[in-house]
Amino acid sequence: MSQVFDAYAAYYDLLYRDKDYAGEAAFVRDLLRQQGIESGEILELGCGTGKHAFHLAQMGCRMQGVDISPAMVASARAQLPVTLKNQVAFEVGDVRSVRLAQKFDAVISLFHVASYQTTNDDIAAMFQTAAQHLNAGGVFVFDCWYGPAVLTDRPAVRVKHLDSEAVNVLRIAEPVMYPNDNSVDVNYTVLVTQANGEQTNTIRESHRMRYFFTPELRLLLAESGFELVSMVEWMSNREPGFSTWSVAIVAVRN
């Protein structure tokens, strides 16, 4: 899995430059506040290039980010503002197996990291990682693809085109669904052309994603010592439904 994201890392921030990281961090902060967590130590599983961590640190949290991709972690460290160096740290680690010699007030995992855990063993291992880093009463917030919406509004071919001063990036996403596995292969073709037009590189990747349903999440969380306390539509706080592709789950460590 690391190799998938290492190639992607060089263009990750360009592809997601329109993503509302500040708004998403504020949304997560509000979910944490509802459970009595105003600030404190937070572990982020699957931190990517660190954008959520930066915003949460600016809100007063102390962040420890972990990501499986050395290239992503290197990018996060390189972009870390000097003003946040005492509040944010990053390291390479697999969300299924990483163990830090520290407990946290909360664990978060955003941008569908949970949906990359496509087997029961994988998602159970990720939940165990979260549990191992929380004391009783600690809060776990994560998002994932929501099954009822994925099956109602099925994945389709999508094209995204973005430019910077240095490169032009064209990304084509072609999905293949596996209904008996509750999963989707998102097959990416990324064409990267130098702004002067002299060279074009092609990157091909396949990201397998799993969609989840409420009863299985409740069961899997309970097996790791969590109680699922709320599930809302990502960013809207509405009750999830057939149009909710992404849900935010809040669980409390027993």
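The values are calculated or read from the model by the stated rules, or taken from the named source; none is laboratory data. Note that the structure is a prediction, hence the values are computed from the model and not measured. We place every Cβ from the backbone using ideal geometry, glycine too, and count neighbours over all the protein chains shown.
Scanning the range 195-204 for any residue that is surrounded by 15 or more Cβ atoms within 10 Å (Cβ to Cβ) and not hydroxyl-bearing (S, T, Y) turns up at least one such residue. Being crowded, with 18+ Cβ neighbours inside 10 Å, at pLDDT 95 or above, in a strand (DSSP E or B) and in contact with a Ser or Thr (Cβ under 9 Å, 6 or more places away or on another chain) is a property that V250 has. Reported count of residues in the range 98-118, each being under 17 Å from the mean Cα position of the chain (by Cα) and either on the phi < 0 side of the Ramachandran plot or hydrophobic (A, V, I, L, M, F, W, C) (or both), is 13.
In summary, L56 fulfils each of the numbered conditions (1) in a strand (DSSP E or B); (2) under 24 Å from S230 (Cα atoms) with the single exception of condition (1).
Just to be sure, is V95 modelled with pLDDT of 95 or more, of a type in the set (V, I, T) and within 13 Å of the chain's Cα centre (by Cα)? Can you show your working first?
Details: modelled with pLDDT of 95 or more: yes; of a type in the set (V, I, T): yes; within 13 Å of the chain's Cα centre (by Cα): yes.
Answer is yes for this residue.
If I filter the range 64-84 for residues that are in a loop (DSSP other than H, G, I, E, B), surrounded by fewer than 19 Cβ atoms within 10 Å (Cβ to Cβ), outside the structural domain of Q194 (by TED's automatic domain parsing) and β-branched (V, I, T), do I get at least one hit? No, there is no match, as no residue in the range 64-84 is in a loop (DSSP other than H, G, I, E, B), surrounded by fewer than 19 Cβ atoms within 10 Å (Cβ to Cβ), outside the structural domain of Q194 (by TED's automatic domain parsing) and β-branched (V, I, T).
Among the residues of the range 101-122, the ones that are among the β-branched types (V, I, T) and surrounded by fewer than 17 Cβ atoms within 10 Å (Cβ to Cβ) come to 1 in all.
Set side by side, the residues D185, D181 differ, and just one is in contact (Cβ under 8 Å) with a residue 60 or more places away in the chain and either closer than 17 Å to I108 by Cβ or of a type in the set (D, E) (or both), which is D181.
Does F90 count as touching a His at 6+ places or on another chain (Cβ under 8 Å) and either under 28 Å from G23 (Cα atoms) or of a type in the set (A, V, I, L, M, F, W, C) (or both)? No: the conditions fail for F90. Note on the range 136-171: residues that are loosely packed, with under 15 Cβ neighbours inside 10 Å, touching a strand residue (DSSP E or B) at 6+ places or on another chain (Cβ under 7 Å) and assigned to a strand (DSSP E or B) total 6. Among the residues of the range 145-163, those identified as of a type outside the set (A, V, I, L, M) and within 20 Å of E205 (Cβ to Cβ) are W145, P155, R158, K160, H161.
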